[in-house]
Amino acid sequence: MISKKMTDRINLQINREMYSAFLYLAMAAAMKEKGYAGISKWLTVQYHEEMFHAMKFVKYLEEQGAAAKYEQIDKPSFKDGSVKEYFEQVLKHEQFVTSSIREMVELARAEKDYATENLLQWYIDEQVEEEANDNEILQTIDLMGNSAHGLYMLNIQLGKRENEATLDFTAL
Ligand code: FEO
């Protein structure tokens, strides 16, 4: 049995994951407009990943006999700038999500809610991977000295990213 407090907290996280999806979709559109089709694709794949994160929580609530509650999603907020500045904002946002997930683990532990704590371990691992990906991209940009040729190559490389998360949420 899941508590009302934890149900509400998971619903808040569903909103945050959907905001993340919306943010990356908005960034993808901005990158596409600048001609970075590969980076736009990478961000669009990230949009799908975030929706998967949200729907994995929805599925969990269903399994616990609780309901997902969808609230308004904020307007995506980011500053236009260089490719490096975009990825700095992606990393900063992911660091915020990581702290949000950690906060949930603390609540699960306080409530001795082992089922939710177990689910959250998947998200903890996912956050390690996401921050590592963002750091690697930022490191690559630094290594190539933010050069136009380097960014062109990075654009091609990031365009090779494929969806890993299932897009069929009914299969969750
Ligand atoms: Fe759902 Fe990017 O964390």
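Considering every residue within segment 71-86, establish whether at least one is among the β-branched types (Val, Ile, Thr) and under 28 Å from Ile156 (Cα atoms). Within segment 71-86, one or more residues are among the β-branched types (Val, Ile, Thr) and under 28 Å from Ile156 (Cα atoms).
Residues in segment 114-144 that are over 22 Å from Gln157 (Cβ atoms) and touching a Ser or Thr at 6+ places or on another chain (Cβ under 7 Å): Gln127 alone. Which numbered condition trips up His53, out of (1) free of Cβ contacts under 8 Å to residues at least 40 places away in the same chain; (2) of a type outside the set (D, E, K, R); (3) not in a loop (DSSP other than H, G, I, E, B)? Just one mismatch for His53, condition (1). Kindly evaluate Lys41 against the criterion of being touching a residue at least 40 places away in the same chain (Cβ under 8 Å) and farther than 27 Å from Leu120 by Cα. Considered against the rule, which asks whether it is touching a residue at least 40 places away in the same chain (Cβ under 8 Å) and farther than 27 Å from Leu120 by Cα, Lys41 comes out as yes. Screening segment 2-53 for residues that are among the acidic types (Asp, Glu) and open to solvent by 50 Å² or more (accessible area, probe 1.4 Å) and picking the one that is nearest to the ligand (Cβ to nearest atom) gives Asp8. Annotation for segment 54-73: no member residue is under 11 Å from Ser20 (Cβ atoms), hydrophobic (A, V, I, L, M, F, W, C), touching a Leu at 6+ places or on another chain (Cβ under 9 Å) and within 10 Å of the ligand (Cβ to nearest atom). Criterion first (over 14 Å from Glu126 (Cβ atoms), out of contact with any Pro (no Cβ under 7 Å at 6 or more places or on another chain) and either part of a loop (DSSP other than H, G, I, E, B) or open to solvent by 60 Å² or more (accessible area, probe 1.4 Å) (or both)) does Lys59 satisfy it? Here the answer is yes, as Lys59 does meet what is asked.
Pairs are defined by a Cβ separation below 9 Å, a sequence spacing of at least 6 or placement on different chains, a first member in segment 146-172 that is within 23 Å of Val83 (Cβ to Cβ), and a second member that is open to solvent by less than 50 Å² (accessible area, probe 1.4 Å) and in a loop (DSSP other than H, G, I, E, B); the pairs so defined are Asn146/Ser82; Gly150/Met144; Leu151/Ser82; Leu151/Met144; Met153/Met144; Leu154/Met144.
The values are calculated or read from the model by the stated rules, or taken from the named source; none is laboratory data. Predicted, not measured: the structure shown is a model, and the values here were computed from it. Quick reminder, even Gly has a Cβ in these numbers, built from the backbone with ideal geometry, and neighbours come from all protein chains shown. Please note that ligands, DNA and RNA were not included when accessible areas were found on the heavy atoms of the full protein model with its side chains. Shrake-Rupley method; radii C 1.70, N 1.55, O 1.52, S 1.80 Å.
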